[in-house]
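So the structure is just underneath, and the comments pick up after that.
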Amino acid sequence: MQSNTTISGYLGQTPEVRETPGGHKVATVRVAVNDRRLSDQALWFSVDQWDDAAERAAKFLVKGQHVVAEGLQRAEIYTDRHGQPRLDLRLLRAYIDYGPRPTSTEATASPQDAPPEPATSAPAKRKPRKTEPAPVAA
């Protein structure tokens, strides 16, 4: 089953880049999504980043950082080595929007290396209009 999905959650670990036999770089980002209104248990999504995106993920993302990811969702049920059914949730061809880095000593990149802030398209604030009462017909 596949559908386009947007998730918002926190990184479970700092991503590491590995290389495929074909020479492509890939980083798997694990994102915990939790809706405490429904359950105290988090859903874990794997989000694969390829080539340049993998390098950016390894450079800018750290464990505990908030991210928003959008991509094609794939869900598969499989049986683990103990015979228990498991659910594998993945986002394919995903775009990740980086949130602010957590304040801790784990952050290794300097602030100058931070990705640019996303541009906002919020409309400019307007001054309230002065309205006059409508004339009353006699």
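Rank these for me by crowding, SER8, SER3, going from fewest to most other beta carbons within 10 Å.
Neighbour counts put them in this order, fewest first: SER3, SER8.
With +1 on the Cβ of every Lys and Arg and -1 on the Cβ of every Asp and Glu, and nothing else charged, how large is the dipole of the range 2-113 about its Cα centre, in debye rounded to the nearest 20? Before the final figure, lay out the partial values.
Working: 14 positive and 15 negative charges, 43 e Å.
Using Cβ point charges on Lys, Arg, Asp and Glu, the range 2-113 gives about 200 debye.
In whole Å and largest first, what semi-axes does the C-alpha gyration tensor of the range 2-113 yield when each eigenvalue is scaled by 5 and square-rooted?
The three semi-axes for the range 2-113 are 24, 19, 14 Å.
Loop-only GluC sites (Glu not before Pro) in the range 1-62, please: DSSP not H, G, I, E or B, and at most 13 other Cβ atoms within 10 Å. It would help to have the intermediate numbers written out before the result.
Working: sites: GLU16, GLU19, GLU55; in loops: GLU16.
For GluC sites (Glu not before Pro) across the range 1-62 that sit outside H, G, I, E and B with at most 13 neighbouring Cβ atoms in 10 Å, the list reads GLU16.
What are the radius of gyration and Dmax of the range 1-63, computed over its Cα atoms and given in Å?
Reported Rg and Dmax, both Å: 13.5, 44.
Values in this text are rule-based calculations from the coordinates and carry no lab data. Bear in mind the structure is a predicted one, so any value in this text is a computation, not a measurement. Backbone-built Cβ (ideal geometry, glycine too); neighbour counts: all protein chains shown.
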